[in-house]
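Here the structure comes first, spelled out in structure tokens, and everything after it is commentary.
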Amino acid sequence: MSSVAAKPILYSYFRSSCSWRVRIALALKGIAYDVVPVNLLKDGGQQFSAEFKAANPMQQVPVLKIDGITLSQSLAIIHYLEDTHPNPRLLPQDPKKRAQVRMIADHIAAGIQPIQNLSILNKIGEKKMEWAQNCITSGFQALEQILQDTAGRYCVGDEVSMADLCLVPQVANAERYKVDMGPYPTITRINKALLELEAFKVSHPSRQPDTPAELRA
């Protein structure tokens, strides 16, 4: 048996905010991987294919095949990467800060993103834009308040954490659905600082193998 471990494979969609979280984590931790694009719009949604359902019965991206296991759910994937590649750290050692990071990550990953996700918007119909704006606005009003207590340069203090990996893709969603970012100066400031970091640039939706030509950076 080869001693060289197989390169991780990330099933990703360029515009998926959950996939973007994982791409940032892989970039920060310097883990090389291959991408298998899963187009959520093409062919009625490639996530519904029998082949992809075998990889993730929930039929959602991202999925990461790594170290002989197949993982779905972006935060579970990031926790695994944190456990197996502890540098740089994405969860602070201080228990209070660590809890704050998880709280913010969950606030976005469980409280905002799922209710404005593509699958939900497809069921809403004509009022898609209004629905997405309402979901993101109510979530951001709370998040802005939380960040005023926890933020330094980034979401929690001055080190990049799992919370930041959730924040940037969610701000991109807000911009896509034309949410007025004026009321959220802390979110806006942190997002701007993060987008200057290389890991956030290389993982950006405008720079993926499956990014359409007209959306490329």
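The values are calculated or read from the model by the stated rules, or taken from the named source; none is laboratory data. Just so you know, these numbers come straight off a predicted model, no measurement behind them. Ideal geometry is used to build each Cβ from the backbone, glycine not excepted, and the neighbour counts take in all protein chains shown. Heavy atoms of the whole protein, side chains included, go into the accessibility calculation; ligands, DNA and RNA do not. Shrake-Rupley method; radii C 1.70, N 1.55, O 1.52, S 1.80 Å.
Would you mind computing, in nm to one decimal, how far apart the modelled labels at E144 and Y80 are, each placed 7 Å from Cα along Cα→Cβ?
3.7
Have a look at the DSSP beta bridges in the chain and tell me what percent are antiparallel, nearest 5.
So the antiparallel bridges in the chain amount to around 60 percent.
Given a Förster distance of 30 Å, report the FRET efficiency between E159 and K128 from their Cβ-Cβ distance, rounded to the nearest 0.05.
With R0 = 30 Å, the Cβ-Cβ based efficiency is 0.25.
Any chance you could get the radius of gyration and Dmax over the Cα atoms of the stretch 95-200, in Å?
Cα-based Rg and Dmax for the stretch 95-200 come out at 13.6, 45 Å.
Whose amide H sits under 5 Å from the amide H of V63, counting only residues 5 or more places off or on another chain, with H placed in the peptide plane?
HN-HN under 5 Å from V63: Y11.
Gap in Å between the Cα centre of the stretch 1-67 and the Cα centre of the stretch 143-186?
Cα centroid to Cα centroid, the span is 25 Å.
Could you tell me what percent of the accessible area of the chain is made up of carbon and sulfur, with a 1.4 Å probe and every protein chain present?
On the chain, the fraction of accessible area on carbon and sulfur atoms equals 53 percent.
Taking amide H positions as placed 1.01 Å from N in the peptide plane, with prolines and chain starts having none, which residues 5 or more places from G157, or on another chain, fall under 5 Å of its amide H?
When sequence neighbours closer than 5 places are left aside, the close amide H contacts are A151, G152.
Give me the one-decimal nm value for the distance between modelled label points at A54 and A32, 7 Å along each residue's Cα-to-Cβ direction.
Modelled inter-label distance: 2.7 nm.
Apply the Karplus curve 6.51 cos²θ - 1.76 cosθ + 1.60, θ = phi - 60°, to the phi angles in the stretch 199-214 and return the couplings in whole Hz, x for Gly and Pro.
For the stretch 199-214, the Karplus curve yields 4, 6, 6, 5, 8, 4, x, 7, 10, 9, x, 9, 5, x, 3, 6 Hz.
Under 19 Å from a point placed 7 Å out from the Cα of L118 along the Cα-to-Cβ direction: which residues of the stretch 34-48 have their backbone N that close?
35-48
Out of these labelled values of Kirkwood radius over Cα pairs in Å, (i) 17.8; (ii) 18.5; (iii) 17.4, which was calculated from the coordinates shown here?
Identified label for the calculated read-out: (i).
For the pair R207 and T188, how long in nm is the line joining their label points, each one 7 Å along Cα→Cβ?
Each label point is offset 7 Å from its Cα along the Cβ direction, giving 2.5 nm.
What order, most packed first, do the peptides 75-81, 49-55 have when packing is the mean number of other Cβ atoms within 10 Å of each residue?
Descending mean neighbour count gives 75-81, 49-55.
Please report the accessible area of D43 (heavy atoms, 1.4 Å probe, ligands and nucleic acids excluded) in Å², nearest 10.
We get 120 Å² for D43.
How large is the accessible surface per residue of the chain, computed with a 1.4 Å probe and reported in Å² as a whole number?
51
For the stretch 9-87, what is the percent of antiparallel DSSP beta bridges, rounded to the nearest 5?
The answer is about 65 percent antiparallel.
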